[in-house]
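Report on the structure given below.
The values are calculated or read from the model by the stated rules, or taken from the named source; none is laboratory data. A quick note: this is a predicted structure, and the numbers were derived from the prediction, not measured. All Cβ positions, even for glycine, are placed from backbone atoms using ideal geometry, and neighbour counts span all protein chains on display. Side chains included, ligands, DNA and RNA excluded: accessible areas come from the protein's heavy atoms. Shrake-Rupley method; radii C 1.70, N 1.55, O 1.52, S 1.80 Å.
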Amino acid sequence: MPDIALEGISVSKKFRKGESFDSLRDLIPALVGRSWKKAIGAQLQKKEFWALKDVCFEVKRGEALGVIGHNGAGKSTLLKLLSGIMKPTQGTISVRGKLSALIEVGAGFHPDLTGRENIYLNGVILGMTRDEVARKFDEIVEFSGLQEFLDMPVKRYSSGMYARLGFAVAAHVDPDILLVDEVLSVGDWAYQSKCSEKMKELIKGGATVVFISHNLRAVASLCQKCILLEHGTVVKNGPAEEVISAYLVSSAAGSAGENSNGISIVDMVAQKSGKNECKFAAGDRIVLSIRVRSEIDCNNVAVHLYTYDSNFYNVFQTSTEFLRSTPLSFFAGEVKTFSFELSLHLGCGIYYCGAVVRSVFHGGLEQFDRKFPGLTLYIDAPGEVNGPSNLYPRLLDIASVRASEPSGARAAQDTIKEDSALCGRI
Amino acid sequence: MLQHFKTLYHYRQLLAMIAWRDIKVKYKQSLMGFMWAILMPLIVLSAGIVVRIVLSRFSGQPFSLSQLLTVATKAAPWAFCVNGIRFATNSLVGNGNLVTKLNFPKEIFPIAAVLSNLFDFLIAACLLTLIFAFSRVGLSNDILWVPVLIVALVLLVTGLGILLSALNLFFRDVKYLVETVLTFAIFFTPVLYDAQMFGRWANLLLLNPIAPVLEGLSSCVVIHQPPAAGPILYSTAISFGIFIFSYWAFKNVEPKFAENI
């Protein structure tokens, strides 16, 4: 029976919107006023809303769960309930293990104290003991890269330094359960990749992670399972890729022709040798057809095709604008099929294709319809190549120089050319 | 209730850290360093001297060194009370970002505020000891009452601080009320004068729980008499009651802090 680290059963949280009295000066007259009016009951109820309603989830020990959703879906509220900062209005949350929440990098930093002092302060605030912080002090400093700036008050740090110090302390807390809320969204590229590495390390070390983010690539690469929140309820719960696709579909404006201003994408289909397929081998030549229907007469239209890999990096884009000299036009009621011939020089993996129909006026800012993911391609490739691109490697030769002879001339003589054993595919 | 104390004990290192932080921050980048701790008692003492001069002119009796020392003895704990309550009231709102983002017993904030002012009090007490050493007032066994009285005072201030910090979180104008009361409380507490001066009405004055403690301190240290038992018992009971009630009330509303701050 797998160990369950975090569990939420029918968790609901209600908030009041509207007037809240934060001073006695406002409260006392309001109370007096209320005692005159008796029939306020129903009105008051309208001022409440459910931030979360009947949310159920389960995280096993050592698992990483991603929580995604639009702004206002209830993700941060869920995190606050999990970490115990707020109590649920209904339902229960059970936490088994030491929990550490990274809701803000550098929580507890005091601007007047130096970096050194703040490391101790923050470390203890996040749940370590003073001895632990003292033991890990050098590691923390090294991780942050701020050795020379430790004795400067933190208010003089740049925001990047601040974030690095904050995450350095947070990364060494070593909890059983880690809750992360958007801390990866600040900082430069090097910092972000350091953070991802550290989180992967923690997951490998057996920590349970709940990760809330808008950065879908980060969620896809770190989490195996994911839940999608929408207006406080769990809309989808399952493997990360499925849930992320569902989220993207729901965010796509104009899917199934809504808000499409007259031109809508009907469907996208891939064919290999005339047959509809979605599983292909790397290097296959396929024909990808996009059907577009227009209700209006329109000139200067372009259809864009783009492809994302499973980490939601954009690996390929093209457009009828680039491939044709004249722009497209539609008549009302016309259905056009655009067939793109593609050679699938991609690495092994899952790819999501999408299409956008745009006008080419003024740099093509008017968008008619977007469909993503319109089509999912499953590519199989030989094991020599990893990643979305295939650069057709061929190992030509291996040159070797022995370090035993000091003279340069002899060294040149000793160069051995070995024949390549591998040949890449073309 | 006991569970709450246990949890607080579990977080004692954090309490120490926050108190240390409050102390350190108060003295960093400050012009006078530790002189801060002595400033307020000195001001109170100076005010006391003025009041005594006026009183002695009015009553025709000259004021003595022992009278001045009495004021000095009461000035330092009074400063501790005022500052302790003031800083504790603002402690939760002042640490708002930690209240909304982290989970630990929040009474750590008002308690740490009181502790940091206790540190200031100890510095002022050292100065007082020096003054006493020079003035040759002498020691007596009654000095053993001092720690007991201080503990009672700390309990009272902490209790009030905890309650007021929670109130201030929900109703932001509580701190202005508190400020006003603290400013004028010096008139209602026997700091610059003695309770005996009121004769029959002294007991009314001693209803203020801080009053018996202050009177007790000055009587042990200056006059070398043990403090009056009745008022002290009353004051200790009130302090204890306020502390228990405040702690209980605080823990009850604590879950609502993050939403209402």
Scanning segment A:193-227 residue by residue, those open to solvent by less than 50 Å² (accessible area, probe 1.4 Å) and closer than 19 Å to residue A:77 by Cβ turn out to be A:209, A:210, A:211, A:212, A:213, A:219, A:226, A:227
Test residue B:130 against the criterion of being open to solvent by 40 Å² or more (accessible area, probe 1.4 Å) and within 20 Å of residue B:15 (Cβ to Cβ), and give yes or no. no
Looking at (1) touching a residue at least 24 places away in the same chain (Cβ under 8 Å); (2) within 14 Å of chain A (Cβ to nearest Cβ); (3) aliphatic (A, V, I, L, M), which is the only condition residue B:111 fails? (2)
Restricted to segment A:311-336, and to residues that are in contact (Cβ under 8 Å) with a residue 60 or more places away in the chain and open to solvent by less than 60 Å² (accessible area, probe 1.4 Å), which residue is farthest from residue A:298 (Cα to Cα)? A:311
Segment A:88-135, residues that are farther than 17 Å from residue A:160 by Cα, in a loop (DSSP other than H, G, I, E, B) and more than 7 Å from every other protein chain (Cβ to nearest Cβ): A:88, A:89, A:96, A:97, A:98, A:126, A:127, A:128
How many residues of segment B:242-261 are under 18 Å from residue B:162 (Cβ atoms) and either within 12 Å of another protein chain (Cβ to nearest Cβ) or free of Cβ contacts under 8 Å to residues at least 12 places away in the same chain (or both)? The answer is 9
Mind counting the residues in segment A:248-268 that are open to solvent by less than 40 Å² (accessible area, probe 1.4 Å), under 27 Å from the mean Cα position of the chain (by Cα) and modelled with pLDDT of 80 or more? 2
Of (1) without any contact (Cβ under 8 Å) to a residue 12 or more places away in the chain; (2) within 14 Å of another protein chain (Cβ to nearest Cβ), residue B:237 satisfies all except one. Which? (2)
Contacts under 7 angstrom Cβ, first residue in segment A:145-158 being within 12 Å of chain B (Cβ to nearest Cβ), partner open to solvent by 70 Å² or more (accessible area, probe 1.4 Å), 6 or more apart: A:154/A:162
Among the listed residues A:84, A:69, which satisfies the condition of being of a type in the set (Gly, Ala, Ser) and more than 14 Å from chain B (Cβ to nearest Cβ)? A:69
Anything in segment B:168-212 that is within 14 Å of chain A (Cβ to nearest Cβ), hydrophobic (A, V, I, L, M, F, W, C) and not in a helix (DSSP H, G or I)? List them, or say none. B:171
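Does at least one position in segment B:213-232 carry a residue that is away from chain A (no Cβ under 14 Å), open to solvent by 40 Å² or more (accessible area, probe 1.4 Å) and at pLDDT 90 or above?
No, because not a single residue in segment B:213-232 is away from chain A (no Cβ under 14 Å), open to solvent by 40 Å² or more (accessible area, probe 1.4 Å) and at pLDDT 90 or above.
Give B:50, B:54, B:25 a once-over and let me know the one that is within 14 Å of chain A (Cβ to nearest Cβ) and without any contact (Cβ under 8 Å) to a residue 12 or more places away in the chain.
None of the other options fit; the residue is B:25.
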If the requirement is being closer than 23 Å to residue A:205 by Cβ, at pLDDT below 90 and among the aromatic types (Phe, Trp, Tyr), which of these qualifies: A:109, A:57? A:57
Residue under evaluation residue A:25, criteria (1) open to solvent by 50 Å² or more (accessible area, probe 1.4 Å); (2) on the phi < 0 side of the Ramachandran plot; (3) at pLDDT 85 or above, criterion not met: (3)
